[in-house]
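Undergrad: The structure is given below, and queries will be raised subsequently.
The values are calculated or read from the model by the stated rules, or taken from the named source; none is laboratory data. Computed from a predicted structure; not experimentally measured. Using ideal geometry, Cβ is built from the backbone for each residue, glycine included, and neighbour counts are taken over all protein chains shown. Surface areas here come from the heavy atoms of the whole protein model, side chains and all, with no ligands, DNA or RNA. Shrake-Rupley method; radii C 1.70, N 1.55, O 1.52, S 1.80 Å.
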Amino acid sequence: MRTNAEIERVVNEYATMLLRVAYSQLNNRTEAEDAVQEVLLKYMEKAPVFQSEEHEKAWLLRVTMNQCKKVFRSPWRRVESIEDYASTLRFETAEDRGLFCGIMRLEQKYR
């Protein structure tokens, strides 16, 4: 287990960077914050020994990317309907919204 001082140092030094990486992958601030929280919990629980600060940073980045991939594989993310997703977006006209929904219903290779 890590000491409070070590955890505080890592949070102060890397949390913003990890949040940016997670947000760039997930495009959702809440999910990105959750992912970073999971990464920091893994850091505390596993207490890996690092050869250098660069090794520590690389480990945190890799675990963050893996956590983002895990979020993408989550079952609830797969069943979210296009209409629900479209309702969170802003469209200038109803026609634009319909076009978006139609395109998103196509198979991935045709989008």
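Undergrad: Hey, got a sec? Which chymotrypsin sites (Phe, Trp or Tyr not before Pro) in region 1-78 land in a DSSP loop and have at most 14 other Cβ atoms within 10 Å?
TA: Numbers: sites: Y14, Y23, Y43, F50, W59, F72, W76; in loops: F50.
Loop-located and lightly packed - F50.
Undergrad: Also, I was wondering about something else. Going from most exposed to least, what order do I103, I7 have by accessible area with a 1.4 Å probe? Intermediate values should be presented prior to the final figure.
TA: Details: I103 70, I7 35 Å².
Ranked from most to least accessible, the order is I103, I7.
Undergrad: OK, next. Go ahead and run the numbers for FRET between V49 and R73, Cβ-Cβ distance against an R0 of 30 Å, rounding to 0.05.
TA: Step by step, r from the Cβ atoms, then E = 0.55.
Undergrad: Once the piece of chain linking T88 and E8 is laid out straight, how much longer is it, given 0.36 nm per residue of separation minus the C-alpha distance between them?
TA: On the way: separation 80, 0.36 × 80 = 28.80 nm, distance 3.52 nm.
Stretched out fully, the T88 to E8 stretch lengthens by 25.3 nm.
Undergrad: Here's a follow-up. With an 8 Å Cα cut-off and a minimum separation of 6 or more residues, compute the relative contact order for the chain in percent. Can you show the working numbers first?
TA: Details: 62 pairs, mean separation 27.0, N = 111.
Rounded, it is 24 percent for the chain.
Undergrad: Now for a separate question. With 16 Å as the cut-off, how large is the P(r) tail for region 1-46, expressed as percent of Cα-Cα pairs? Provide the component values of the computation, followed by the final result.
TA: Working: 368 of 1035 pairs.
More than 16 Å apart: 36 percent of the Cα pairs in region 1-46.
Undergrad: Name the most mobile residue of A22, A35, A94, meaning the one with the largest mean-square fluctuation, in a Gaussian network model of the chain with Cα contacts below 10 Å.
TA: So, out of A22, A35, A94, the one fluctuating most is A94.
Undergrad: Connecting C-alpha atoms closer than 10 Å in a GNM of the chain, tell me which of T88, T16, T64 has the biggest fluctuation.
TA: Sorting by GNM fluctuation, first place goes to T88.
Undergrad: Still on this model: Based on the inverse mean of 1/r over its pairs of different Cα atoms, what is the Kirkwood hydrodynamic radius of the chain, in Å? Let's see the in-between values first.
TA: Details: mean 1/r = 0.0615 Å⁻¹.
16.3 Å is the Kirkwood radius here.
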